[in-house]
Every structure is written in C-alpha cells, then in structure tokens.
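Heads up: the structure comes next, in structure tokens.
Since every read-out is calculated from the coordinates, none of them should be taken as a lab result. Everything quoted here is computed from the prediction, not taken from an experiment. With ideal geometry, Cβ positions are generated from the backbone for all residues, glycine too; neighbour counts draw on all protein chains shown.
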Amino acid sequence: MAGPSVGKISIDVEVFFEDKPIKCNVYIHVKGYSRALVTHLDIEGFDVYADKKYIPAVVIGKLDEVSIVLSNPITVSSMKVKKIRIKGLRILSAGDRSGAYLRIKEGGVSLGMRRELIKKLEEIARKKKPELFRDRSKSLDKFLR
C-alpha cells in the first residue's frame, strides 16, 4: 500500500540511488497494520521498474547510514540502480552485513529484512508511535464472545 496509512511511521532520512539524491517518502510499516504480514521498510514516491518483483540484496551498515546492494539492477528515473543508500537510518553497526529482499511495488519499493533488523526497525517505531504496540488482543475480546 503506497502513501501514509495506519501503521506506517514516517522517518526522516535521505535516500540516494547510485549516489544521486531522490526525493521520496520512507516509512517503517509495522506488522499487523494495513495488510503488513511482517515489519518492513517502505520507500515510496517514485517510479521503478525491474525484470523481477523480488530482488535479493545485502544491507551494509555504515556510520550514519545503511547501503543496500542489489543482486540485479532496478530502473529509477531511467537510471540503472544497484546501490541504494539511506542516510540517517542506524540499524546496523559500521561494517556489519545482513541479507534482505527488495520488493518492487507501484510507486516504490519495500525492503524485507532479517529478524535482527526487523527488531531494530520496531524499536525505532515503538519510540515514535508506542500506541501501535499496545496489546490489541483485548480490543477483539468483545467480538469473540
């Protein structure tokens, strides 16, 4: 789902495709909201094309950013891209690596990551919007009687 919605928390970062800054919106999309089956990162607000819908990737930690290196190129604004940098996102220590999958979707991409990075995204989300992490099962009790 593209654009703001319940469970999508906007984060203030800069995104670079092959070192070219592209203005876009970045969200942490929390599991259980707006059809999210797992917490992931949404990068939206641009046209993208790729031969495959899912692209394996490696996430590499840097000082104040992460780099995402794709196994296959995507096309963004008629530019072939194999590297995406997200400046201002600290989820990996400098030099650490982790596997991920980039999913192509209408209006952008989503980045699914391994459990240890999902936990870091959820820590950031919990600080920004703690109400999304309250026990929602109690609100369903009235429907289950």
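Summary of computed values
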{"quantity": "Dipole axis of the chain (+1 Lys, Arg; -1 Asp, Glu on Cβ), positive-most option in 32, 84, 60", "calculated": "32"}
{"quantity": "Value of relative contact order over region 8-144, rounded to a whole percent, pairs C-alpha under 8 Å and six or more apart", "calculated": "25 percent"}
{"quantity": "Chain lengthening between residue 37 and residue 51 when straightened (0.36 nm per residue, less Cα-Cα)", "calculated": "2.6 nm"}
{"quantity": "For the chain, size of Cβ-based charge dipole, Lys and Arg +1, Asp and Glu -1, in debye", "calculated": "500 debye"}
{"quantity": "Binned Cα-Cα distances of region 9-141, short to long, each 10 Å bin given as a whole percent", "calculated": "12, 45, 32, 8, 2, 0"}
{"quantity": "Residue order, fewest to most beta carbons within 10 Å, for 41, 111", "calculated": "111, 41"}
{"quantity": "Estimated inter-spin distance, residue 119 and residue 134, nm [label 7 Å along Cα→Cβ]", "calculated": "2.6 nm"}
